[in-house]
Amino acid sequence: MGNSKNALKSPEKISRPALATVPRHVGIIMDGNGRWAKAKKLPRTMGHRQGAENLRHILEAAVDFGIEILTIYAFSTENWNRPKSEVKGLMNLFHYYFDRELDELAKNGVQLRHVGHMAGMSLSLQKKIRKAVEQTKNNNRLILNVAFNYGGRSEIVHAVQAIIKAGIPPEQVTESLFSRYLYTGGQPDPDLIIRTSGELRTSNFLPWQAAYAEYYITPVYWPDFNEAELYKALLEFNRRKRRFGGLNSDE
Ligand code: FPP
């Protein structure tokens, strides 16, 4: 991001027609790292590495397009069930990413937030995440929610537990109060959810928050999902007629 020497240059900026509407909050299910690697006869870990590299470009593009909040699905509560070697490779990658990218992200105005459970992660990773959140808390160019050790259903269960613990009477439990108890509390709901690599499912990603999100699914594997692909998703979002269960004035 930005113009520091460490920042990778994104592919030449191509001028594209301006978008009438830019979604404030975009969620991304970064799928297809494994298949990307397999297609190139590389180990799966290489796919994850390339996926992490790609994230830098997409963050830069998101800022350029004027997206305010990006929520990325980095590791789900179900991903612990993958082979030990893959989980270990992913954890190493997250450590490496925080070590290498944090200062750069902070310098470029990115506010990092963790969306998910701390418990279950190694103490060293918990420490890194806390440090990253603290170091970037006053930044306001882009909020990057990293969904890590995240599962939507368990997020809802946690919210229910917290509401009960807080002694809130049932009649005061409204949708807006409930939303505040989620990991994304205080943020607007995602307008657009992008899923790469073609699977037609939501995989326990933001089930409450994405109730009225538009979904965009592309066959492109995450490591190949570049700025031009993001622009295509935003163009498609502009074609959608959002009705939130009602009717638009021309219908
Ligand atoms: C899904 O691909 C991807 C993941 C489980 C991990 C996502 C992680 C990254 C992109 C790394 C970068 C993230 C950070 C925060 C540094 P898959 O393995 O399910 O692919 P497949 O469906 O083709 O097997």
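The values are calculated or read from the model by the stated rules, or taken from the named source; none is laboratory data. Worth saying up front: this structure is predicted, and the values here are computed from it rather than measured. Positions of Cβ are backbone-derived with ideal geometry, glycine not excepted, and every protein chain shown enters the neighbour counts. The accessibility values were calculated without ligands, DNA or RNA, using every heavy atom of the protein model including side chains. Shrake-Rupley method; radii C 1.70, N 1.55, O 1.52, S 1.80 Å.
See the values below:
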{"item": "Selection status of Ser15, open to solvent by less than 30 Å² (accessible area, probe 1.4 Å), more than 10 Å from the ligand (Cβ to nearest atom) and modelled with pLDDT under 95", "result": "no"}
{"item": "In segment 223-244, the residues that are touching a residue at least 12 places away in the same chain (Cβ under 8 Å), part of a loop (DSSP other than H, G, I, E, B) and more than 16 Å from the ligand (Cβ to nearest atom)", "result": "Arg240, Arg242, Phe244"}
{"item": "Qualifying residue in segment 58-68 (condition: farther than 27 Å from Ala228 by Cα, within 11 Å of the ligand (Cβ to nearest atom) and not acidic (Asp, Glu))", "result": "no"}
{"item": "Segment 163-192, residues that are touching a residue at least 60 places away in the same chain (Cβ under 8 Å) and of a type in the set (Ser, Thr, Tyr)", "result": "Tyr183, Thr184"}
{"item": "Options Ile193, Ile163: the member that is open to solvent by less than 30 Å² (accessible area, probe 1.4 Å), farther than 18 Å from His25 by Cβ and of a type in the set (A, V, I, L, M)", "result": "Ile163"}
{"item": "Verdict on Arg195 being touching a residue at least 40 places away in the same chain (Cβ under 8 Å), out of contact with any His (no Cβ under 7 Å at 6 or more places or on another chain) and assigned to a helix (DSSP H, G or I)", "result": "no"}
{"item": "Residue in segment 166-177 that is open to solvent by 40 Å² or more (accessible area, probe 1.4 Å), of a type in the set (Ser, Thr, Tyr) and outside any helix (DSSP H, G or I) present", "result": "yes"}
{"item": "Pairs with Cβ under 8 Å, 6+ apart, first in segment 209-222 and away from the ligand (no atom under 13 Å from the Cβ) and at pLDDT below 95, second of a type in the set (Ser, Thr, Tyr) and in a strand (DSSP E or B)", "result": "none"}
{"item": "Members of segment 18-44 found to be open to solvent by 100 Å² or more (accessible area, probe 1.4 Å), more than 8 Å from the ligand (Cβ to nearest atom) and within 24 Å of Ala147 (Cα to Cα), listed by number", "result": "Arg24"}
